[in-house]
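The values are calculated or read from the model by the stated rules, or taken from the named source; none is laboratory data. Because the structure is predicted, anything quoted here is derived from the model rather than measured. Neighbour counts are summed over all protein chains in view; Cβ atoms, including those assigned to glycine, are modelled from backbone coordinates with ideal geometry. Heads up: the accessible areas ignore ligands, DNA and RNA and are worked out on the full protein's heavy atoms, side chains in. Shrake-Rupley method; radii C 1.70, N 1.55, O 1.52, S 1.80 Å.
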Amino acid sequence: MIVAMQGEATEDQINDVIERMVELGFNVHRTTGATQTILAGVGTPGHFEVTEFGVLAGVHEAYRISSPYKLAGRSFRPEGTQVKFANGVVVGGEQIVMMAGPCSVESREQILTSAKQVAAAGCQFLRGGAFKPRSSPYSFQGMGLEGLKLLREVSNETGLLVITEVMEISQIELMLPYIDCFQVGARNMQNFNLLRELGHVRKPVLMKRGISATIEEVLLSAEYILSGGNYELMLCERGIRTFETYTRNTMDISAIPVLKKLTHLPVLGDPSHGVGKREFVAPMALASVAAGADGLLVEMHPNPDKAMSDGAQSLYPEQLEKLMSQVRQIAPIVGRSVA
Ligand code: PEP
Ligand code: MN
């Protein structure tokens, strides 16, 4: 941390700041210039709030130079994390991994047809919510346990892995036997109690970016899961809320290379929630791959016009097929391949 004192700061004020830094565990290096004193705090105190220093008497400015997340930082594992699943599927390796399926599990027929189409397109994961975080309490809330059972059944039949959303701690145990990967939704990215619990399970987690979360907040949320000992974590950009209203969210493609630089964790792109309109999903999916995404999470429905949630952004099955062939063409340009 660097604390720049005001030009007119008194010796007492400077000493008070030094004392507080030492109390926290910093080694303080003082530089007394002609017009200003600079205090450099070296060391790794467990926790401190840089803003606390910014408001101390005589302080002009205080800022952090080390990152507040340790386990999520790229330097913790410079080679990158690979999350390994059954069937030899690896996320964070050379291959781009594809996850697709409807927003929600709606019926046996709907999810079985979806699974067959997702497998035929060449994807590795079937997605589909059994517990749905809907903006309105009157909207379809998901099939719950019945939906989990259907996901497992149709995935076994088609050789796909299952990813589905967990909304609260009490669902974790219930879900374990049926799923291959937990999805933490955008609305729960800062549900710290849920994140902490997911740190204690031994099952991969894909955590989506919150609707208005900064990249640093994404990484701090990741830190909650990692610090519990669960390193099988993937992050996902799914669009953020901006002043733009034409698209449902603004797909922040730049977050993908930024996250790849800042963290060792695999990063996926979800263009479906990123734009909210089917016609823009493929371009944003391809942009995500070009930007370095390790995989895509895409909504597809056998009959999107009749979908119980997110129909407008769900691809038709033939659009998923086309997207897959386009991803196969883009991938080699960025040194990747598709299974
Ligand atoms: C979803 O994947 O269907 C979903 C609810 O996503 P998000 O949490 O990104 O809104
Ligand atoms: Mn959805």
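Note on the chain: helix-only mean residue ellipticity at 222 nm, from DSSP H runs of 4+ residues weighted -39500 (n - 2.57) and normalised by residue number, equals -9500 deg cm²/dmol. Towards the positive end of the charge dipole of the chain, with charges on Cβ (+1 Lys, Arg; -1 Asp, Glu), say which of 82, 290, 337 has the farthest Cα. Checking the options against the dipole of the chain, the answer is 337.
Shape verdict for segment 59-188, please, from the Cα gyration tensor: rounded (a/c under 1.5), prolate (a/b greater than b/c) or oblate.
Numbers: a/c = 2.61, a/b = 1.51, b/c = 1.73.
Because a/c hits 1.5 or more and a/b fails to exceed b/c, segment 59-188 counts as oblate.
Charge dipole (Cα centre; +1 on Lys/Arg Cβ, -1 on Asp/Glu Cβ; no other charges) of segment 1-149 amounts to roughly 1180 debye. One Cα centroid belongs to segment 304-323, the other to segment 121-183; the line between them spans 18 Å.
Assigning unit charges at the beta carbon (Lys, Arg +1; Asp, Glu -1) and nothing else, what dipole magnitude in debye, to the nearest 20, does segment 182-291 show about its Cα centre?
220 debye
Ordering 9, 62, 46 by Cα displacement along the dipole of segment 1-77 toward the positive end leaves 46 in first place; charges were set at the Cβ atoms of Lys, Arg (+1) and Asp, Glu (-1).
Past 27 Å, Cα to Cα, is the threshold; run 70/132; 203/261; 84/208 against it and keep the listed order. Pairs exceeding the cut-off: 70/132.
Excluding the sites themselves, what is the longest stretch of the chain that contains no chymotrypsin sites (Phe, Trp or Tyr not before Pro) in a DSSP loop with at most 12 other C-beta atoms within 10 Å? In the chain, the maximal stretch lacking such sites is 1-137.
As I understand it, the value is the acute angle between the Cα axis of helix 108-121 and the longest principal axis of the Cα atoms of the chain; what does it come to in degrees, rounded to 10? The angle comes out at about 80 degrees. Across the accessible surface of segment 153-281, with the other protein chains kept in place and a 1.4 Å probe, carbon and sulfur atoms take up 51 percent.
Have a look at the DSSP beta bridges in the chain and tell me what percent are antiparallel, nearest 5.
On the way: 17 of 46 bridges.
DSSP beta bridges in the chain are roughly 35 percent antiparallel.
In segment 19-131, the portion of solvent-accessible area held by carbon and sulfur atoms comes to 52 percent [1.4 Å probe, whole percent, DNA, RNA and ligands not counted]. Note on residue 135 and residue 149: their simple-model spin labels are 3.3 nm apart, each label 7 Å out from Cα toward Cβ. Can you tell me what the convex hull of the Cα atoms of the chain projects to on average, as an area in nm²? It is 19.3 nm².
Quick one: work out the % antiparallel among DSSP beta bridges in segment 186-315, nearest 5.
Numbers: 1 of 11 bridges.
Bridges in segment 186-315 are about 10 percent antiparallel.
Summing Lys and Arg as +1 and Asp and Glu as -1 over all other residues whose Cβ lies under 12 Å from the Cβ of residue 44 gives a net charge of +2.
Can you bin segment 166-256 into rounded, prolate or oblate? Criterion: square roots of the alpha carbon gyration tensor eigenvalues sorted a ≥ b ≥ c, rounded for a/c under 1.5, prolate for a/b above b/c, oblate for the rest. Prolate.
Once you order the gyration tensor axes a ≥ b ≥ c over the Cα atoms, which shape class does segment 64-105 get: rounded for a/c under 1.5, otherwise prolate or oblate by comparing a/b with b/c? Verdict is oblate for segment 64-105.
Solvent-accessible surface of the chain, averaged per residue with a 1.4 angstrom probe and all protein chains in place: 44 square angstrom.
Using +1 on the beta carbon of Lys and Arg, -1 on that of Asp and Glu, and nothing else charged, what's the dipole of the chain about the Cα centre, debye to 20? If you can, show how the numbers build up before the last one.
Working: 31 positive and 36 negative charges, 206 e Å.
For this selection, approximately 1000 debye.
Between residue 337 and residue 246, full extension at 0.36 nm per residue minus the direct alpha carbon distance yields a gain of 29.5 nm.
Taken as Cα centroids, segment 202-244 and segment 1-61 sit 32 Å apart, rounded to the nearest whole angstrom.
Expressed in whole Å with the largest first, what are the equivalent ellipsoid semi-axes of segment 1-84 derived from the C-alpha gyration tensor as the square root of 5 times each eigenvalue? Write down the numbers at each step before the final one.
Numbers: eigenvalues 197, 28, 22 Å².
Computed over segment 1-84, the values are 31, 12, 10 Å.
Working note: Karplus 6.51/-1.76/1.60 with θ = phi - 60° gives segment 38-52 the couplings 10, 10, 9, x, 10, x, 10, x, x, 8, 8, 9, 5, 5, 4 Hz, where Gly and Pro are set to x.
Give me the net charge for the shell around residue 192: Cβ to Cβ below 14 angstrom, other residues only, Lys and Arg +1, Asp and Glu -1.
Numbers: positive: 187, 196; negative: 168, 197, 217, 223.
Local charge sum for residue 192: -2.
Histogrammed with a bin width of 5 Å, the alpha carbon distances of segment 278-339 distribute as 4, 19, 29, 21, 14, 9, 4, 1 percent, first bin at zero.
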